[in-house]
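Presented below is the structure to which this report refers.
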Amino acid sequence: MRSKSEREQLLADIERFLAVTGISRTRFGWEAAGNRNLLQRLQSGSNIKLSTVDRIRSYMRQPRRRSPKRRSRATESCAA
């Protein structure tokens with residue numbers, strides 16, 4: 001990525017995707033690009049290859065449903 005505005009646009013698109021799907025930031029990074037720290041690195045200004053941007057955008061285009069909220073262990077043990 002060359003310009004800051006491209007990075008900011010990608011991060012904004014990712015944040016919207018996370019809000020809609022409920023996927024965690026680390027899960028997104030792992031599933032989209034094989035890097036759990038992807039978003040942290042992008043936000044800190046690290047460079048990213050165009051091929052990785054393509055993989056991320058392709059991942060976000062895949063249809064999916066919103067992930068249900070995970071129940072905590074405490075809730076699960078009380079429900080039993």
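The values are calculated or read from the model by the stated rules, or taken from the named source; none is laboratory data. Worth saying up front: this structure is predicted, and the values here are computed from it rather than measured. Note that each Cβ is placed from the backbone with ideal geometry, even for glycine, and that neighbours are counted across all protein chains shown.
Assorted remarks:
- Matching residues, segment 18-65, being among the acidic types (Asp, Glu) and either within 16 Å of ARG7 (Cα to Cα) or in a loop (DSSP other than H, G, I, E, B) (or both): ASP54
- Hey, ASP13 surrounded by fewer than 12 Cβ atoms within 10 Å (Cβ to Cβ), part of a helix (DSSP H, G or I) and either among the charged types (D, E, K, R) or touching a helix residue (DSSP H, G or I) at 6+ places or on another chain (Cβ under 9 Å) (or both) or not: no
- Of all residues in segment 54-80 being modelled with pLDDT of 95 or more and surrounded by 11 or more Cβ atoms within 10 Å (Cβ to Cβ), the one that is farthest from ILE23 (Cα to Cα): ARG55
- ARG7 vs. criteria surrounded by 15 or more Cβ atoms within 10 Å (Cβ to Cβ) and at pLDDT 95 or above: no
- Residues in segment 36-51 that are within 13 Å of the chain's Cα centre (by Cα) and of a type outside the set (A, V, I, L, M, F, W, C): ARG36, ASN37, GLN40, ARG41, GLN43.
- The residue of segment 34-44 that is surrounded by the most Cβ atoms within 10 Å (Cβ to Cβ), among those that are farther than 13 Å from PHE17 by Cα and in contact (Cβ under 8 Å) with a residue 24 or more places away in the chain, is LEU42.
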